[in-house]
Amino acid sequence: MIITIDGPAGAGKSTAAKALAAQLHFLYMDTGAMYRAVTLKALRKGIDWQDRAALIALTRKTTVVLRQVGAGDLQVLLDGEDVSAAIRQVDVTEKTQYIAQEPVVREVVVSWQRKIGEQGNVVIEGRDVGTVVFPKARYKFYLDADAEQRIARRLKDFTAQDEKVDTATVRKTVLDRDQSDMTRKASPLKKADDAIVIDTTDLTVEQTVAKMLGYIDTGGLSL
Ligand code: C5P
């Protein structure tokens with residue numbers, strides 16, 4: 001069974017997806033981590049963001065492994081190196097759009113995702129997972145929240161990582177990223193026609209997950 005969760009930055013996708021996967025004993029897949037890992041590699045190599053051919057060649061030579069560690073948590077391995085923390089840095093977050101907007105890069109990254117999807121029961125989160133990657137997913141969710149709430153959550157994430165960023169920077173990063181994710185030509189962020197929309201503005205993680213579980217027929221699953 002494949003369950004997809006799409007939505008803008010700070011909508012609560014990751015926390016909800018991890019908790020849902022843990023409750024259902026499903027694999028958790030963070031597709032954003034894959035785009036972030038490729039971005040980190042391109043940053044380190046100093047590749048020109050406008051050089052499409054170089055970005056494509058780099059992606060084709062890259063291996064990203066999401067290793068399940070504990071309940072719903074992931075370790076992100078870039079060509080074997082643990083980059084779980086490095087991919088969350090602000091500079092990587094800001095530059096991911098150059099990787100995410102390149103259609104051939106997306107084709108390669110989507111092929112990694114579909115391969116993981118073949119393994120069985122998966123909760124997968126991203127921007128295009130219900131629309132493009134798994135259009136036939138059994139359940140599709142689209143999480144959203146007020147922009148101010150989403151910005152506040154991101155600020156909290158950065159503080160927890162000990163990254164010193166001010167509110168204005170986080171606001172700009174979140175809003176710019178949404179704009180670029182929603183307006184790019186290749187697989188833009190949008191709600192799938194058959195997705196269930198959940199507004200998480202006033203919901204805790206537990207309430208969000210409970211709402212999702214309310215839609216899921218867990219009859220055939222051994223929970
Ligand atoms: O989910 P996360 O914030 O880690 O995603 C980082 C970026 O990766 C997004 O802003 C988006 O540009 C890109 N992304 C994407 N498609 C996905 C997941 C992430 O384009 N399925």
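The values are calculated or read from the model by the stated rules, or taken from the named source; none is laboratory data. Quantities reported herein were computed from a predicted structural model and do not represent experimental measurements. Here Cβ is always computed from backbone atoms with ideal geometry, including for glycine, and neighbour counts include all displayed protein chains. Note: accessible area is taken over every heavy atom of the protein model, side chains too, but ligands, DNA and RNA are not part of it. Shrake-Rupley method; radii C 1.70, N 1.55, O 1.52, S 1.80 Å.
Selection over the stretch 111-168 of residues that are under 14 Å from MET34 (Cα atoms) and without any contact (Cβ under 8 Å) to a residue 40 or more places away in the chain gives a count of 3. Within the stretch 28-53, if we keep just the residues that are free of Cβ contacts under 8 Å to residues at least 24 places away in the same chain and aliphatic (A, V, I, L, M), the residue that is nearest to the ligand (Cβ to nearest atom) turns out to be ILE47. Picking from residues in the stretch 143-176 that are of a type in the set (Ser, Thr, Tyr) and more than 13 Å from the ligand (Cβ to nearest atom), the one that is nearest to ILE3 (Cα to Cα) is THR159.
Just the residues that are β-branched (Val, Ile, Thr) and touching a residue at least 60 places away in the same chain (Cβ under 8 Å), please, taken from the stretch 86-109.
Selection gives VAL90, THR93, THR96, ILE99, VAL105, VAL109.
Yes/no per residue for (1) within 14 Å of the ligand (Cβ to nearest atom); (2) under 11 Å from the mean Cα position of the chain (by Cα); (3) of a type outside the set (A, V, I, L, M, F, W, C):
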position: ALA9; (1), (2), (3): yes, yes, no
position: ALA21; (1), (2), (3): no, no, no
position: PHE26; (1), (2), (3): no, no, no
position: LEU55; (1), (2), (3): yes, no, no
position: ARG60; (1), (2), (3): no, no, yes
position: LEU66; (1), (2), (3): yes, no, no
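Taking the conditions (1) more than 13 Å from the ligand (Cβ to nearest atom); (2) open to solvent by 60 Å² or more (accessible area, probe 1.4 Å); (3) under 15 Å from the mean Cα position of the chain (by Cα) in turn, GLU94 satisfies each one other than (1). Filtering the stretch 77-88 for residues that are under 14 Å from the mean Cα position of the chain (by Cα), modelled with pLDDT of 95 or more, within 24 Å of GLN161 (Cβ to Cβ) and within 10 Å of the ligand (Cβ to nearest atom) leaves a non-empty set.
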